[in-house]
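**Student:** Have a look at this one.
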Protein chains: 2
Amino acid sequence: MDTSAPLKDDLPCIACQQRLCRFVDGQKPDITPLRIELQRGDRLECMTGNCLKFWSVVRGTTAVCTVLKDGRRQIVALAGPRDAICGMLADGHSPHWLEALEPCEVCEIDFTPRAAILAKDARFMRALMDIMHDQLVRTSQHLITLGRLDSTERVILFIGQLALCSAAEDGTPRPVTLPMSREDIADYLGLNAETVSRILTKLRKSGLVKFLNRSEFVVPDLDALRRRLPMQLMNDQASVIGQFADGRTGERRAQA
Amino acid sequence: MDTSAPLKDDLPCIACQQRLCRFVDGQKPDITPLRIELQRGDRLECMTGNCLKFWSVVRGTTAVCTVLKDGRRQIVALAGPRDAICGMLADGHSPHWLEALEPCEVCEIDFTPRAAILAKDARFMRALMDIMHDQLVRTSQHLITLGRLDSTERVILFIGQLALCSAAEDGTPRPVTLPMSREDIADYLGLNAETVSRILTKLRKSGLVKFLNRSEFVVPDLDALRRRLPMQLMNDQASVIGQFADGRTGERRAQA
DNA sequence: CGAAGCTTTGATGATGCTCAATCGGTGTGG
DNA sequence: CCACACCGATTGAGCATCATCAAAGCTTCG
């Protein structure tokens, strides 16, 4: 439906679901998507200042990350395959960056050279709004988690969301891989690594979660997890904006 | 409970800084901004489901609010004069609404009737993106606060931000009015009311904050507050997107 | 095998919540 | 005008939660 300018043939853009790369004009070389390989701990900076860089995750799990002056670290958001992250998260308060939590592949697109043109492109601006909105909903949800859930609830919610993403269509439980270390989980959930470890042990002993090894687990009964949470446990929200009646209603993010 | 009246031509839209109301076509009556008066505790729902409603606060302080099943309340964001809130914060997890923390005046615009047209309007989509981005930056900042600051730091940051907003151009301290109750502050900061009260007492006794009465205070030395924080204390970020070089570079939100 | 890096587990303490009592304004009715 | 009720704010006591520090166990990789 949308006229999408194809990427170079060797770069099939499964990553951003055409949200971004369709605005790359194959004829003009001023904007060239970059495929970037990241090892654990690698960072992509430039989330401050004026830049129109975007990253979409192709493989692996990344974190939008920040630190305070004294070294306290907070993971503001997680981004896995098919998630798009905007580099515009500039806030002067503290530095932000995108960090790989495991080996990752990321596609970077910098629209800066064509900013003036794209500003007049309704489809582009809408795509940006889509991304922002999506991120805003997730960040708001996470904020509630940090503000009002206790440590056990936070971990259960986290485990549950992962399990829900990996579950089969019919809800059959499937093994889930924890894509990050205990400390990363802690920094995401506003806890510390020991607390996370203790809670995981507790959940394992209670039978809510079965660990195959340190980084793989199965949730045998997702509803049992749900009953421990004071909120809905949902996979992903109807991403955006069925409001604009141009035929794209009720898009969803992840497709099985 | 709330008296709402159509916005007349004689009411200049100082509220949304032309961000939204400039897309209202005076000739066509399909979109009519409403001026709404709210008393403390009044709510504007419809932050779930598909709707293109926006509110911009004209007077007073409002909160984007949510509750968990067991009644725990979290204020996700505060919105005062000149702030715009989108009703699209739909997430299926928990209900959201806009709540007046004191007597308020809000301007409501529902763009739904013209959604199809506006979806093709780059300026409109960009205005939405502006609002989303602004909100996202603030929400991310607040998320860090809830994730990694202890209770005293949270209160100091909150007090400091209020003081900074009210300070004169040259930084001279001015009296600040606390626009909300202790419990509201607590629900914003992920604490409880008693803890907030205790911390405010502690800050008063330490001389960092001088209270004129229960809801008015002065910060005699803002830098002393800053030294207690592990992050920058900044008034407002360059709101958005100097990236798009069409002449509107470096807009700022509040103007003195 | 050994070293390094996670992870787990334990002991201990600080932080912040809960419950309860009191205080201080504000509004209402006698 | 005063007595009273009501609501929010304050203060205290006690306790649950979670962080810190330390030691030991597991994995991985050279």
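**Student:** What FRET efficiency, computed as 1/(1 + (r/R0)^6) with R0 = 45 Å and r the Cβ-Cβ distance, is obtained for A:ARG59 and A:ASP30, rounded to the nearest 0.05?
**Tutor:** Working: r = 27 Å, r/R0 = 0.60.
The pair A:ARG59/A:ASP30 has a calculated efficiency of 0.95.
**Student:** Okay, moving on. Taking every residue in B:94-102, how many Cβ atoms of other protein chains lie within 10 Å of its Cβ, on average?
**Tutor:** Values: counts 7, 0, 3, 0, 0, 0, 0, 0, 0.
Shielding by partners across B:94-102 averages 1.
**Student:** Using the heavy atoms of the protein chains and a 1.4 angstrom probe, tell me the accessible area per residue for segment B:121-185 in square angstrom.
**Tutor:** Numbers: 1920 Å² over 65 residues.
Normalised by residue count, the accessible surface of segment B:121-185 is 30 Å².
**Student:** How many nanometers, to one decimal and shortest first, lie between the label point of B:ARG174 and those of its other copies, if labels sit 7 Å from Cα toward Cβ?
**Tutor:** For B:ARG174, the other copies' label points sit at 5.9 nm, shortest first.
**Student:** Can you find, among B:PHE211, B:SER181, B:LEU157, the residue sitting farthest towards the positive end of the charge dipole of segment B:150-244, where Lys and Arg contribute +1 and Asp and Glu -1 at Cβ?
**Tutor:** So the residue furthest toward the plus end is B:PHE211.
**Student:** Which distances in nm, rounded to one decimal and ordered from shortest, link the label point of A:GLU45 to the equivalent label points in the other identical copies, with labels set 7 Å from Cα toward Cβ?
**Tutor:** Label-point distances to the other copies, shortest first: 5.0 nm.
**Student:** Separate question: Taking only Cα atoms of segment B:150-244, what ratio of Rg to Rh do you get with Rh as the Kirkwood inverse-distance radius?
**Tutor:** Values: Rg = 13.8 Å, Rh = 13.9 Å.
With Rg and the Kirkwood Rh in hand, the quotient comes to 0.99.
**Student:** Estimate for me the total accessible surface buried between chains A and B (protein heavy atoms, probe 1.4 Å, no ligands or nucleic acids), in Å² to the nearest 100.
**Tutor:** Details: alone 13600 and 13610 Å², together 21510 Å².
By this definition, chains A and B bury close to 5700 Å².
**Student:** If the only charges are +1 at each Lys and Arg Cβ and -1 at each Asp and Glu Cβ, what is the size of the charge dipole of segment A:150-244 around the Cα centre, to the nearest 20 debye? Before the final figure, lay out each step's value.
**Tutor:** Values: 12 positive and 12 negative charges, 87 e Å.
Using Cβ point charges on Lys, Arg, Asp and Glu, segment A:150-244 gives about 420 debye.
**Student:** How far is A:ASN213 from itself in the other copies, in nm, if each label sits 7 Å out from Cα along the Cα-Cβ line, shortest first?
**Tutor:** Result, one decimal in nm: 6.7.
**Student:** Cα centroid distance between segment A:132-162 and segment B:109-149, in Å?
**Tutor:** Between the Cα centre of segment A:132-162 and that of segment B:109-149, the gap is 20 Å.
**Student:** So for the pair B:MET234, A:LYS210, with labels modelled 7 Å out along Cα→Cβ, what separation do we get in nm?
**Tutor:** 5.0
**Student:** A further question follows. Could I have the simple spin-label model distance between A:ASN192 and B:ASN192, label points 7 Å from Cα toward Cβ, reported in nm to one decimal?
**Tutor:** Roughly 2.3 nm, to one decimal.
**Student:** Give me the percent of Cα-Cα pairs in segment B:86-176 that sit more than 19 Å apart, rounded to a whole number. Write down the numbers at each step before the final one.
**Tutor:** On the way: 2656 of 4095 pairs.
Across segment B:86-176, Cα pairs with separations above 19 Å total 65 percent.
**Student:** Quick one: if you take sqrt(5λ) for each eigenvalue of the C-alpha gyration tensor of segment A:30-143, what semi-axes come out, biggest first, whole angstrom?
**Tutor:** Details: eigenvalues 101, 56, 40 Å².
One finds semi-axes of 23, 17, 14 Å for segment A:30-143.
**Student:** Still on this structure, I have one more. What average number of partner chain Cβ atoms lie no more than 10 Å from the Cβ of the residues making up A:146-152?
**Tutor:** 6
The values are calculated or read from the model by the stated rules, or taken from the named source; none is laboratory data. Because the structure is a prediction, the values reported are computed rather than measured. Here Cβ is always computed from backbone atoms with ideal geometry, including for glycine, and neighbour counts include all displayed protein chains. Keep in mind that these areas ignore ligands, DNA and RNA; they rest on the heavy atoms of the full protein, side chains included. Shrake-Rupley method; radii C 1.70, N 1.55, O 1.52, S 1.80 Å.
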